[in-house]
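Visitor: One structure coming up, written as structure tokens, with questions to follow.
The values are calculated or read from the model by the stated rules, or taken from the named source; none is laboratory data. For clarity, every value in this text was computed on a predicted model and none was experimentally measured. Neighbour counts are summed over all protein chains in view; Cβ atoms, including those assigned to glycine, are modelled from backbone coordinates with ideal geometry. Areas reflect the complete protein model, heavy atoms only, side chains present, ligands, DNA and RNA absent. Shrake-Rupley method; radii C 1.70, N 1.55, O 1.52, S 1.80 Å.
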Amino acid sequence: MTAAVPNTAADNEVMIELRGVNKWYDKFHVLKDINLQVAKGERIVVCGPSGSGKSTMIRCINRLEEHQKGQIIVDGTELTSDLRQIEQIRKEVGMVFQHFNLFPHLTVLENLALAPMWVRKMPRKEAEAIGMQYLERVKIPDQAKKYPGQLSGGQQQRVAIARSLCMNPRIMLFDEPTSALDPEMIKEVLDVMIELAESGMTMMCVTHEMGFAKTVADKVIFMDRGQIVESNPPEEFFNNPQNERTQLFLSQIIGH
Amino acid sequence: MSHDFAPLPDLPPPAASVGVIGWLRRNLFSNTINSLLTLFAIYLLATLLPPLLNWLFFDADWIGDSRDACTSGGACWVFISARFSTFMYGFFPENETWRINLIYIALIACMAPLFIESFRHKVKLGVFVIFVFPIFGFILLFGGVFGLEQTETSQWGGLTLTLLLASVGCVAALPLGIMLALGRQATNMPAVKSMCVLFIEFWRGVPLITVLFMSSVMLPLFLPEGVSFDKLLRALIGITLFQSAYIAEVVRGGLQAIPKGQYEAADALGLSYWKKMGLIILPQAMKIVIPGIVNTFIALFKDTTLVIIVGLLDVLGMVQNALNDPNWLGYSTEGYVFTAFVFWIFCFSMSRYSQALERKLHTGHKR
């Protein structure tokens with residue numbers, strides 16, 4: 001596995017752009033002047049102490065959270081309160097959650113086929129074929145007929161990744177995908193994510209898996225108190241952290 | 001020097017701790033208070049049960065066609081059998097009651113496949129039962145077309161009317177209640193939300209008996225001269241609106257029990273509001289609220305008896321009506337026991353069906 005495959009010039013298309021984004025929860029200022037550009041095929045890892053606004057930031061990108069100031073432009077479309085544009089963007093942006101959020105009343109295959117059928121208006125047969133294809137890619141095709149509650153956490157998270165991929169998204173967002181998993185299941189999920197990264201998917205991932213960051217990230221972003229404190233390629237970020245808050249954070253999570 | 005160690009065989013457990021005696025000891029006579037309570041309960045059963053059974057069954061009169069047949073001192077079930085058809089069909093013309101029977105038979109025939117596990121077209125059949133069947137039922141009841149003799153809604157009565165009120169009340173109120181619950185949750189549409197809140201709080205705040213009374217007595221005062229619509233229809237609308245407010249609150253409870261992550265996952269996949277609700281949220285929420293919904297259905301089923309105050313005679317109304325018959329004076333106990341039994345059969349069936357439904361829909365996991 002090579003770290004940070006360099007992007008070719010043709011891929012310099014900007015997929016996600018945040019310009020001066022601010023957000024408040026009542027009086028609490030969660031995001032302070034966030035500026036960020038993610039190019040096509042780029043893999044960004046976002047880390048930082050809890051409460052630093054990293055989840056809020058990536059949740060703004062598909063408007064699960066609303067920002068109050070600044071601009072967010074995803075795949076050439078600016079996020080406004082226009083519902084159609086939001087739905088358009090969500091079709092192209094997959095998201096994986098900490099708690100998987102699979103639909104418990106549907107089987108695994110139905111979970112996968114749901115969005116292609118109802119959002120992309122695909123016939124059921126075709127949607128299920130795509131579902132099976134991605135289920136094979138995350139290596140659990142034999143679980144298709146089970147309900148999510150019958151799977152282990154790692155399996156559920158892999159189904160959740162497959163569910164997002166079924167929409168054939170141009171961008172994937174991961175919000176602490178391994179934080180709710182038992183330690184022995186983290187690897188199987190990370191393996192799927194690494195494979196996805198190698199396939200050239202544009203990814204933004206909030207995680208504390210520093211091994212994952214070193215392996216696949218093009219850029220590691222450190223956030224603290226609602227600000228981007230440091231943003232550097234992984235070698236630079238881990239070997240030569242500039243900011244003292246970054247240094248403190250790294251010493252805390254790597255030091256033990 | 002060693003000697004073989006041969007343990008003695010186990011003694012059998014003391015007779016007083018196993019078998020019937022053991023069970024009695026543990027459950028009924030475990031201490032003084034329990035023993036006294038047990039004895040008291042036995043005394044009560046011994047004094048009350050034999051006379052009750054005698055009255056209900058052993059001394060009861062079953063056969064005959066007038067009160068002269070009731071001589072033995074027990075219940076006079078002859079009263080019920082003699083007036084049975086009015087309890088069932090109200091004042092429906094006697095030679096037209098086949099139409100009501102046909103509705104029952106057709107309904108049972110339509111519903112039966114819904115209980116068969118392997119039946120494939122349940123959704124289609126369900127839609128048919130809910131949307132097409134009522135038209136068929138109405139035509140048969142009301143008549144006036146296809147050479148059927150036309151009947152008046154005032155001739156509809158007895159159990160037929162009870163079932164009509166309850167089923168229309170439930171079937172029409174459920175979608176309305178769901179819409180109200182969704183409206184009340186719509187925080188981004190304040191006008192819709194406050195209208196729903198107002199509606200729900202109004203209908204929940206008034207007793208059904210007032211609603212029926214108003215629909216029957218006051219509503220005509222507000223309508224322009226010459227415009228009038230059917231008393232039964234007015235009662236039906238009143239019951240539906242009343243019931244929908246209750247269902248809305250039950251459904252809202254279910255909506256609140258769905259984790260936020262489910263909404264977010266549906267949003268993140270690009271599902272529109274209605275698809276998100278229809279495919280993800282409501283199927284889960286409705287499953288949670290089955291007991292609550294069935295509870296309101298059962299309450300409504302029993303509340304339909306209140307229509308008697310606006311002059312509609314449901315099964316209880318018909319029984320009371322029969323009690324005023326000089327030929328049958330003095331048999332009110334039989335009448336009320338019979339009515340209670342009829343209601344119990346229906347309510348108990350609903351309750352059992354809801355439990356079966358819960359078990360069937362249980363996919364066994366949270367999150």
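Visitor: I want to verify a result. In a Gaussian network model of chain A, Cα cutoff 10 Å, which of these has the top mean-square fluctuation: A:176, A:17, A:195?
Guide: For chain A, modelled as a Gaussian network with Cα springs under 10 Å, the answer is A:195.
Visitor: Can I ask one more? Which of the peptides B:165-177, B:336-348 is most tightly packed, and how do the rest follow, going by the mean number of other Cβ atoms within 10 Å of each residue?
Guide: Taking the mean over residues of other Cβ atoms within 10 Å, the ranking is B:165-177, B:336-348.
Visitor: Another one. Compute the accessible area per residue over the stretch B:46-163, keeping the other protein chains in place, probe 1.4 Å, unit Å².
Guide: The answer is 61 Å² per residue.
Visitor: Placing unit charges on C-beta atoms (Lys and Arg positive, Asp and Glu negative, everything else neutral), compute the dipole magnitude of the protein assembly as shown about its Cα centre in debye, rounded to 20.
Guide: 400 debye
Visitor: Give me a single rounded figure for A:164-173: the average over its residues of other chain Cβ atoms within 10 Å of their Cβ.
Guide: 1
Visitor: Taking the Cα centroid of the stretch B:217-252 and of the stretch A:152-201, what is the distance between the two, rounded to the nearest whole Å?
Guide: 54 Å
Visitor: Another one. Considering the dipole of the protein assembly as shown built from charges on the beta carbon (Lys and Arg +1, Asp and Glu -1) around the Cα centre, which of B:247, B:64, B:39 is farthest to its positive end?
Guide: Comparing the listed Cα positions along the dipole, B:247 ranks first.
Visitor: Among A:47, A:88, A:112, whose Cα projects farthest towards the positive end of the dipole of the stretch A:45-115, with charges put on the beta-carbon of Lys, Arg (+1) and Asp, Glu (-1)?
Guide: Going by the charge dipole, the pick is A:47.
Visitor: At 20 angstrom or more along the helix axis (alpha-carbon based) and mean Kyte-Doolittle of 0.0 or higher, what helices does chain B contain? Whole DSSP H runs only.
Guide: Details: long enough: B:32-53 (31 Å, 1.76); B:97-111 (21 Å, 1.51); B:158-185 (40 Å, 1.62); B:190-205 (22 Å, 0.81); B:231-257 (40 Å, 0.87); B:282-303 (29 Å, 1.02); B:332-361 (43 Å, 0.35).
For chain B, where a helix must reach 20 Å along its axis and average at least 0.0, the hits are B:32-53, B:97-111, B:158-185, B:190-205, B:231-257, B:282-303, B:332-361.
Visitor: Which net charge results when you count Lys and Arg as +1 and Asp and Glu as -1 among the other residues whose beta-carbon is under 13 Å from that of residue B:115? Could you put the intermediate results ahead of the total?
Guide: Numbers: positive: B:122, B:352, B:360; negative: B:117.
Within the 13 Å Cβ shell, the charges total +2.
Visitor: Share of the stretch B:121-236's accessible area from carbon and sulfur, percent, 1.4 Å?
Guide: Result for the stretch B:121-236: 75 percent of the exposed heavy-atom area is carbon or sulfur.
Visitor: Normalised by the residues of the stretch B:255-367, what does the relative contact order come to in percent, with Cα pairs under 8 Å and at least six apart?
Guide: Working: 52 pairs, mean separation 27.9, N = 113.
It comes to 25 percent, rounded to a whole number.
Visitor: Can you pull the percent of the stretch A:144-256's accessible area that's carbon plus sulfur, 1.4 Å probe, other chains left in place?
Guide: 45 percent
Visitor: Any residues in the stretch A:95-130 that have 40 Å² or more less accessible area with all protein chains than in their chain alone, probe 1.4 Å, and which are they?
Guide: A:101, A:103, A:104, A:105, A:114, A:118, A:119
Visitor: Just to be sure I understand the interface: list residues from the stretch B:263-305 that lose 20 Å² or more of accessible area between the chain on its own and the complete protein assembly, 1.4 Å probe.
Guide: In the stretch B:263-305, residues shielded by partner chains: B:264, B:265, B:267, B:268, B:269, B:270, B:271, B:272, B:275, B:279, B:280, B:284.
Visitor: With each run of n ≥ 4 DSSP H residues scored as -39500 (n - 2.57), what mean residue ellipticity at 222 nm is computed for chain B after dividing by its residue count and rounding to the nearest 500 deg cm²/dmol?
Guide: Estimated from H runs of four or more residues: -20000 deg cm²/dmol.
Visitor: On a straight-distance basis, which lysines could pair with residue A:214 in a cross-link, Cα separation under 28 angstrom, same-chain partners fewer than 8 positions away excluded?
Guide: A:32, A:40, A:54, A:139, A:187
Visitor: Here is a further query. With an 8 Å Cα cut-off and a minimum separation of 6 or more residues, compute the relative contact order for the stretch B:171-256 in percent.
Guide: Numbers: 74 pairs, mean separation 43.9, N = 86.
Over the stretch B:171-256, the number comes to 51 percent.
Visitor: While we're on this one: So if I place +1 on the C-beta of Lys and Arg and -1 on the C-beta of Asp and Glu, and nothing else carries charge, what would the dipole magnitude of the stretch A:50-111 be about its Cα centre? I want it in debye, nearest 20.
Guide: Working: 7 positive and 8 negative charges, 36 e Å.
Roughly 180 debye for the stretch A:50-111.
Visitor: I would also like to ask the following. Residue B:302: which lysines have alpha carbons under 21 Å from its alpha carbon, excluding same-chain residues fewer than 8 sequence positions away?
Guide: B:231
Visitor: Something else about it: Where does chain A land at 222 nm, in deg cm²/dmol rounded to the nearest 500, when only DSSP H runs of n ≥ 4 count, each adding -39500 (n - 2.57), divided by all residues?
Guide: That comes out to -11000 deg cm²/dmol.
Visitor: While we're here: Local charge sum around residue B:196 (other residues, Cβ-Cβ under 13 Å, Lys/Arg +1, Asp/Glu -1)?
Guide: Result for the neighbourhood of residue B:196: +2.
Visitor: Percent relative contact order of the stretch B:228-300, based on C-alpha pairs within less than 8 angstrom and at least six residues apart?
Guide: Answer for the stretch B:228-300 is 43 percent.
Visitor: How crowded by other chains is B:134-147, given as the mean number of beta carbons from other chains within 10 Å of each beta carbon?
Guide: On the way: counts 0, 0, 0, 0, 0, 0, 0, 0, 0, 0, 0, 0, 0, 0.
Mean inter-chain Cβ contacts per residue within 10 Å come to 0.
Visitor: Can you give me the accessible area per residue for the stretch A:37-176, using a 1.4 Å probe, in Å²?
Guide: Solvent-accessible surface per residue comes out at 38 Å².
Visitor: With a 1.4 Å probe and every protein chain left in place, work out the accessible area per residue of the stretch B:242-356 in Å², rounded to a whole number.
Guide: On a per-residue basis, 40 Å².
Visitor: Further question on the same structure: Could you state how much accessible area is buried at the B-A interface, both sides summed, with a 1.4 Å probe, in Å² to the nearest 100?
Guide: Rounded to the nearest hundred, the buried surface is 2100 Å².
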